[in-house]
Amino acid sequence: MQADLALIGFGHVGRRFVELLEQRAARLASEFDLTCRVVACSTRRGGAVYDGERCVDSFEVIRRLGASQADLRIVIETTTLDIKAGEPATSHVRAAIASGCHVVTANKGPVAFAYADLRDAAARAGVRFLFEGAVMDGIPIFNLVRETLPAVDVIGFEGVVNTTTNHIITAVEAGASFEDALARMQADGIAEADPSLDVDGWDAAAKTAALANVLMDARITPHDVRRTGLDAGTSEAARDAIRRGLRLKLVASAVRTAGGPLVCTVAPRELPADHLLATLDGGANALILETDILDRIAICQMAGGLTQTAYGLLTDMVTIARGARA
């Protein structure tokens, strides 16, 4: 089975994804009868190319991929998150679906701003819209619920889902200042040069909206999430919590009040030292799902990064190939 891929965005995650494709090419062929070929790439700075020819923009790339004769036509969307409206990633996904292409994305925007609409459009078009790398890198949160929890309802969740802020809290607990901890995260490449998406809680809010939309049919955006980020006062708050036998964590949560609306929150929270989320240090993340039948289910990631996010793209691509074979 031949899969032609168009890469929309080619930053660190996109490059690591291509490396994984090369490293796992023989295994993809032998285990899944899947051969992948990157035929196009479109970036903000480098422009758009399809099969060696210049294109006007990413939307022309998507249209040309949709007109190809490959067994599978897959758009890999890895542009950066726009917290205002989820663009242009959401428009890329819409265009791919309209062109008859499957879509795999690591961008939280489309799921956080327009999940239900995109899901329904993909179903009508007979293509897949998948996004395992959008939350907690490649850890199979969405696959877990979709594939292994039939007839189970997720009624709430709580988790530590942002790596930068968890690194910062761990560092200030050990005595670092907030400013020094953030600078170290930037120097190590964990935080961006402009870290406001992480520190102000926007990244966690986008992930909260994505989780609520997919797992609980919430139909919200990150702007509907009650959000409190970290600031210079976090250092003393974290150390004070330690002195009292607690730990401070930036917790993302969704709860449905009795007879009321779904309430989604991102905020620092003091937790008992033996709470699962309190035990997470540095780059560790975890999500606890509250379900109607199986009570609470937890999934942990002890370390995350580019490889894990790129692997999330790879798993979604394999899911598409499996469905096509079936």
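Every number here is computed from the coordinates shown, using simple stated rules; none is lab data. Owing to the predicted nature of the structure, the values given are computational and were not obtained by experimental measurement. For neighbour counting, all protein chains shown are included, and Cβ atoms are generated from backbone atoms with ideal geometry for every residue, glycine included.
Ranking request for peptides 284-292, 259-267: highest mean number of other beta-carbon atoms within 10 Å first, then the rest in descending order. Walk me through the intermediate numbers first.
Numbers: 284-292: 19.2, 259-267: 16.0.
The densest-packed peptide leads the list: 284-292, 259-267.
Please compute the length gained on full extension between residue 187 and residue 239, using 0.36 nm multiplied by the number of residues separating them and subtracting their Cα-Cα distance.
Working: separation 52, 0.36 × 52 = 18.72 nm, distance 2.35 nm.
Going from the current span to full extension adds 16.4 nm.
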- Message: What's the magnitude of the charge dipole for the stretch 154-303 around its Cα centre, counting Lys and Arg as +1 and Asp and Glu as -1 at the beta-carbon? Answer in Debye, nearest 20.
- Response: 360 debye
- Message: For residue 71, project a label point 7 Å along Cα to C-beta. Then give me every residue of the stretch 284-326 with its amide nitrogen under 16 Å of that point.
- Response: 317-326
- Starting from the amide H of residue 87, placed 1.01 Å from N in the peptide plane, find each other amide H under 5 Å away whose residue is 5 or more places distant or on another chain. 82
- Item | Fraction of antiparallel bridges per DSSP, the chain only, in percent to nearest 5 | 60 percent
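What's the long-distance tail for the stretch 154-303, i.e. % of Cα pairs beyond 28 Å?
On the way: 1917 of 11175 pairs.
Summing the P(r) of the stretch 154-303 above 28 Å gives 17 percent of all pairs.
Under a Cβ-Cβ cut-off of 14 Å, what is the net charge of the residues other than residue 227 that fall near it, where Lys and Arg count +1 and Asp and Glu count -1? Provide the component values of the computation, followed by the final result.
Values: positive: 207, 226, 269; negative: 198, 200, 203, 224, 231.
Within the 14 Å Cβ shell, the charges total -2.
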- Note on the structure: Rounded to the nearest 0.05, FRET efficiency between residue 19 and residue 281 (Cβ-Cβ, R0 30 Å) equals 0.60
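Grab the DSSP H runs of the chain that are 4 residues or longer, score each as -39,500 (n - 2.57), total them, divide by all residues and round the 222 nm result to the nearest 500 deg cm²/dmol.
Values: 12 runs with 135 residues, N = 326.
The helix contribution divided over the chain gives -12500 deg cm²/dmol.
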- Message: Tell me which of 233, 223, 38 sits at the most positive position along the dipole axis of the chain, charges placed on C-beta atoms (Lys, Arg +1; Asp, Glu -1).
- Response: 38
- Return 73, 243, 27 ranked ascending by Cβ neighbour count within 10 Å, so the fewest neighbours appear first. 243, 27, 73
- Between the modelled labels at residue 325 and residue 258 (7 Å from Cα along Cα→Cβ) the distance in nm is 5.0 nm
- Task: Along Cα→Cβ, 7 Å out, is where each label goes; now give me the distance between the ones at residue 307 and residue 273 in nm to one decimal.
- Result: 3.3 nm
- Query: Under the Karplus relation 6.51 cos²θ - 1.76 cosθ + 1.60, θ = phi - 60°, what is the ordered set of whole-Hz ³J(HN,Hα) values for the stretch 92-104, x standing for Gly and Pro?
  - Reply: 4, 5, 4, 5, 5, 4, 4, 8, x, 9, 6, 10, 10
- Using label points projected 7 Å from each Cα along Cα→Cβ, tell me how many nm separate residue 153 and residue 125, to one decimal. 3.1 nm
- Take 76, 139 and order them by how many other Cβ atoms sit within 10 Å, fewest up front. 139, 76
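Suppose we keep just the DSSP beta bridges with both residues in the stretch 1-151; what percent of those would be antiparallel, to 5?
Within the stretch 1-151, antiparallel bridges account for around 25 percent of the total.
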- Across the stretch 313-322, in residue order, what do the Karplus-derived ³J(HN,Hα) couplings come to in whole Hz, using 6.51 cos²θ - 1.76 cosθ + 1.60 with θ = phi - 60° and x for Gly and Pro? 4, 5, 5, 5, 5, 5, 4, 4, 5, 4
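Looking at the stretch 154-303, what % of its DSSP beta bridges pair antiparallel, to the nearest 5?
For the stretch 154-303, the DSSP antiparallel bridge percentage is about 95.
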- Query: Each residue of the stretch 105-116 in order: what ³J(HN,Hα) in whole Hz does its phi give by Karplus 6.51 cos²θ - 1.76 cosθ + 1.60, θ = phi - 60°, with x for Gly and Pro?
  - Reply: 9, 9, 8, 6, x, x, 6, 7, 10, 8, 4, 4
- Search the structure for amide H atoms under 5 Å from the amide H of residue 161, placed 1.01 Å from N in the peptide plane, and list their residues when 5 or more places away or on another chain. 252
- Item | Relative contact order (%) - criterion: Cα under 8 Å, at least six apart; region: the chain | 20 percent
